[in-house]
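To start, the structure under review is shown below, and the notes come after it.
The values are calculated or read from the model by the stated rules, or taken from the named source; none is laboratory data. Only a predicted model underlies this, so the values are computations on that prediction, with no experimental measurement involved. Every residue, glycine among them, receives a Cβ derived from its backbone with ideal geometry; neighbour counts consider all protein chains shown.
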């Protein structure tokens, strides 16, 4: 019961911090001209919009998580280690993101930052994928395999969130849904520190959506997408590493519902992250086929296609929210017992639903389509 109160307080605190502080940030950003100007072909807005919303998201998360972190867990060695390394990671990514939002950052420097963050997370904090839980017959991973896979997963997730931040309310809303699902998983498993982290992120993004949903008054920018992506990566790996149950109970004798306990953990994580992952895979594949840089911005994202079908920003993001939720619920409901079959089912559902917009005929495009 105490844990439930802490989670609610963490959510409310981060939500209120963002809700109350963002209007002032918008004013300051406009006064100092810290805005994203329209004009480039790939941009979907027609007015100047502040790009430093990540400042408030970062501040709300660090403040709320530190304020409500349950003291009884701080004495557990791995919890203390994860807490201090997480704060170090977020601070580093935050400053790199702010610099990129204001004056830009060279790609090589951003890559160097990701290498440092990956080292801190995987090597120092030991937050890494240790098992594939039977997918393709793989169980426990060798240490070097675990390090490489975990670093790859970090790079993919962080860049995926950076890539989907291209339309009003999309990255914030998808992040809200993902962190909410992760929070529910940790709550049922009795892991209060990680549940708190998930719900604090959830609250911050919910507050941010008040100003970021179409028509957006502020964007989160790299200072937000990098921080959100890193937290979600930590949560994702932590879900995969949740301890096995004994007779449906955790080591602390908490009963986990069968509908959750029986789902393959890596498949569950990939389902929760489905939209950022599938959009990134699709865009990178198209760019590779064309022989262009995988990091070169274009209009090949799924949300671009929905807009070409005549949908506005609000309807587009609501459809993508629904898409993410449907894939998760489908996997939980279908839940094949074989891990590999479960992965195949998740991928099939995700790609089948994703293909629907590309089978429909687009409307005539004019200059107002992307506004």
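Some values worked out for this structure:
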{"read-out": "Scope segment 106-125; condition surrounded by 16 or more Cβ atoms within 10 Å (Cβ to Cβ) and assigned to a loop (DSSP other than H, G, I, E, B); matching residues", "value": "125"}
{"read-out": "Residue match in segment 69-81 (condition: part of a helix (DSSP H, G or I), at pLDDT 90 or above, loosely packed, with under 15 Cβ neighbours inside 10 Å and out of contact with any strand residue (DSSP E or B) (no Cβ under 9 Å at 6 or more places or on another chain))", "value": "no"}
{"read-out": "Lone unmet requirement of (1) buried (at least 24 other Cβ atoms within 10 Å of the Cβ); (2) within 13 Å of the chain's Cα centre (by Cα) for residue 177", "value": "(1)"}
{"read-out": "Boolean, residue 336 is modelled with pLDDT of 90 or more and either touching a helix residue (DSSP H, G or I) at 6+ places or on another chain (Cβ under 7 Å) or over 30 Å from residue 168 (Cα atoms) (or both)", "value": "no"}
{"read-out": "Extreme residue, farthest from residue 263 (Cα to Cα), among residues of segment 134-155 that are assigned to a helix (DSSP H, G or I) and in contact (Cβ under 8 Å) with a residue 60 or more places away in the chain", "value": "154"}
{"read-out": "Qualifying residue in segment 255-264 (condition: in contact (Cβ under 8 Å) with a residue 60 or more places away in the chain, assigned to a helix (DSSP H, G or I), out of contact with any strand residue (DSSP E or B) (no Cβ under 8 Å at 6 or more places or on another chain) and under 30 Å from residue 140 (Cα atoms))", "value": "yes"}
